[in-house]
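A.B. asks: Structure incoming, see below.
The values are calculated or read from the model by the stated rules, or taken from the named source; none is laboratory data. Worth saying up front: this structure is predicted, and the values here are computed from it rather than measured. No Cβ is skipped: glycine too gets one built from the backbone with ideal geometry, and neighbour counts run over all protein chains shown. To get the accessible areas, we keep the full protein, side chains included, count just its heavy atoms, and leave off ligands, DNA and RNA. Shrake-Rupley method; radii C 1.70, N 1.55, O 1.52, S 1.80 Å.
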Amino acid sequence: TGFQDEGAHRAAHLPIYRQYTRTDLDPCYQAGHDLEDRHAVLRVLFLTGFMADVFFEEHNYYGAQQSVVLSASSKTAIGYAHCATQREGLAVVGLTSPGNADFVRSLGCYDRVITYDNLDTITNQPSVSIDMAGDRVLLEQLHRRLGDNQLHSMSVGASHHNATPSEVTTGPTPEFFFVPSEADRYLNEWGQQTYDQRTAEATKAFVSASTDWLNLETAVGPAAAQAAWHRLRDGEIGASTGQIATLHDA
């Protein structure tokens, strides 16, 4: 169905990060205008959010009435919210910066959007949280706000890569959600056919819906690719934008 990169410089990475799949044998593949680029930007991020929602569902969302999403404008968070908002009886609350609040509200997958400076307005009810920000100071504030109603704290990413290192001392210890291990577990539990069907259906629906909110930009050539990377690292690229880069000159 494809091949795996076994170069020495890639050996430290898990196989899931080194696999290449033939498009004619890929159950997720969609042909058509810019869909391949959209998959390149979104697929792995969406599958992370998809599997996080499946994990919570396995545990009956720990009895929570709301799921609080930190860094709600990140593409992984949007993927998760796209799935979680379909759960009956669960409010999906997005935490984001003031500059991204309008964009996050426009997505329609969050029941409520709250900016970081208004965190104390979160409804104090049984909750789980999923943290894409990696800002432990912010996460500690959330835990203190929810108190005993903080039922599970999932850590996924670190979009706030310049956040001050800190420890969460209130409530449950944050648990890192390691997607490669979870993907292997679901593959073994569901079987290949069911795994392919469930992930393909969910991924295709999300990628197709992204045409309503995701704009793609292309950087051509080494210099342009490097410039795009620096803009992304420095937070200069908006949440509604996806970057496609090629090292080949036009």
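A.B. asks: Restricting to region 102-114, name every residue that is outside any loop (DSSP other than H, G, I, E, B) and either open to solvent by less than 20 Å² (accessible area, probe 1.4 Å) or touching a strand residue (DSSP E or B) at 6+ places or on another chain (Cβ under 6 Å) (or both). Lay out the reasoning, then the answer.
C.D. replies: Within region 102-114, the subset outside any loop (DSSP other than H, G, I, E, B) is 102-107, 112-114.
Scanning region 102-114 gives V104, R105, R112, V113, I114.
A.B. asks: Which condition from (1) free of Cβ contacts under 8 Å to residues at least 12 places away in the same chain; (2) in a helix (DSSP H, G or I) is the one that G32 breaks?
C.D. replies: Every listed condition holds for G32 apart from (2).
A.B. asks: Please list, ordered by first then second residue, the pairs with beta carbon atoms under 7 Å, 6 or more apart or interchain, first in region 164-182 and within 17 Å of R145 (Cβ to Cβ) and touching a residue at least 12 places away in the same chain (Cβ under 8 Å), second of a type in the set (S, T, N, Q) and surrounded by 15 or more Cβ atoms within 10 Å (Cβ to Cβ).
C.D. replies: From residues that are within 17 Å of R145 (Cβ to Cβ) and touching a residue at least 12 places away in the same chain (Cβ under 8 Å), the pairs are G171/Q150; G171/S153; P172/Q150; P172/S153; P174/S153; P174/S155.
A.B. asks: I would also like to ask the following. Take the residues of region 1-29 that are assigned to a loop (DSSP other than H, G, I, E, B) and of a type in the set (A, V, I, L, M): which is nearest to the chain's Cα centre (by Cα)? Give the derivation first.
C.D. replies: First pass over region 1-29, keeping only residues assigned to a loop (DSSP other than H, G, I, E, B): 1, 5-7, 11-14, 18, 22, 26-29.
Keeping just the survivors that are of a type in the set (A, V, I, L, M) gives 11-12, 14.
Values: A11: 25, A12: 23, L14: 19 Å.
Going through the qualifying residues, I end up with L14.
A.B. asks: Among the residues of region 35-69 satisfying the criterion of being among the polar types (S, T, N, Q) and in a helix (DSSP H, G or I), which is least open to solvent (accessible area, probe 1.4 Å)? Walk me through how you get there before you give the answer.
C.D. replies: Taking region 35-69 first, the residues among the polar types (S, T, N, Q) are 48, 60, 65-67.
Filter again for in a helix (DSSP H, G or I), leaving 48, 60.
Values: T48: 19, N60: 120 Å².
It comes out as T48.
A.B. asks: A follow-up question, please. Could you tell me whether A72 is in a helix (DSSP H, G or I), at pLDDT 95 or above and under 30 Å from Y17 (Cα atoms)? Working first, answer last.
C.D. replies: Numbers: in a helix (DSSP H, G or I): no; at pLDDT 95 or above: yes; under 30 Å from Y17 (Cα atoms): yes.
For A72, the condition - in a helix (DSSP H, G or I), at pLDDT 95 or above and under 30 Å from Y17 (Cα atoms) - is not met.
A.B. asks: If you don't mind, there's one more thing I want to ask. Starting from region 142-156, take each residue that is outside any helix (DSSP H, G or I) and list its partners that are among the acidic types (D, E), counting only C-beta distances under 9 angstrom and pairs at least six apart or across chains.
C.D. replies: Close Cβ pairs (under 9 Å, with a partner that is among the acidic types (D, E)) amount to H152/E175; S153/D131; S153/E175; M154/D131; M154/E175; S155/D131; S155/E175; V156/D131.
A.B. asks: Among the residues of region 185-203, count how many are closer than 19 Å to Y29 by Cα, open to solvent by 60 Å² or more (accessible area, probe 1.4 Å) and among the charged types (D, E, K, R).
C.D. replies: Count: 2.
A.B. asks: I'd like to verify a number: residues in region 215-243 that are touching a Leu at 6+ places or on another chain (Cβ under 7 Å), closer than 24 Å to N162 by Cα and touching a residue at least 24 places away in the same chain (Cβ under 8 Å), how many?
C.D. replies: 3
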